[in-house]
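Have a look at the structure below before the remarks.
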Amino acid sequence: MPKITYALLDGTRREIDGTAGVSIMETAIKNNVRGIDAECGGCLSCATCHVYVDTAWSDKLPAPSEDEADMLGFVAAERTATSRLSCQLILDASLDGIVVHIPAKQT
């Protein structure tokens, strides 16, 4: 099981066991992680599952698809070089230990 660490706005961290084949967004919703709204349910149409991937992990991910890159233009918080939509980050063994930071706002 790949572990995900969600760095929350209040400075706390939640480490959660994920499931291979499931997105970081779905794992957050299932475990009531504050700060990931996921209004569209993961269909890449709202940008409310925006996260900042920790810099130690950002180079280990594939580049965003063209659709994800376009949707990242609509995020409510500042977009950075490590901004990703967590609905597009599908867990597998290579992501065991990934850290994502929750932005200040989603809408």
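Among the numbered conditions (1) farther than 18 Å from residue 1 by Cα; (2) touching a Phe, Trp or Tyr at 6+ places or on another chain (Cβ under 8 Å); (3) free of Cβ contacts under 8 Å to residues at least 60 places away in the same chain, tell me where residue 103 comes up short.
Single failed check for residue 103: (3).
Please go through segment 20-69 and pick out each residue that is over 14 Å from residue 6 (Cβ atoms) and basic (Lys, Arg).
The answer is 60, and nothing else.
Tell me, which residue of segment 15-41 that is of a type in the set (Gly, Ala, Ser) and over 15 Å from residue 100 (Cβ atoms) is modelled with the lowest pLDDT?
The extreme case among them is 41.
What residue, among those in segment 14-53 that are free of Cβ contacts under 8 Å to residues at least 40 places away in the same chain, on the phi < 0 side of the Ramachandran plot and not hydrophobic (A, V, I, L, M, F, W, C), is surrounded by the fewest Cβ atoms within 10 Å (Cβ to Cβ)?
15
Any residue at all in segment 2-13 that is on the phi > 0 side of the Ramachandran plot and either in contact with a Lys or Arg (Cβ under 6 Å, 6 or more places away or on another chain) or buried (at least 20 other Cβ atoms within 10 Å of the Cβ) (or both)?
no
The values are calculated or read from the model by the stated rules, or taken from the named source; none is laboratory data. This structure is a prediction, so every number in the text was calculated from the model and none was measured. Cβ atoms come from the backbone with ideal geometry, glycine included; neighbour counts cover every protein chain shown.
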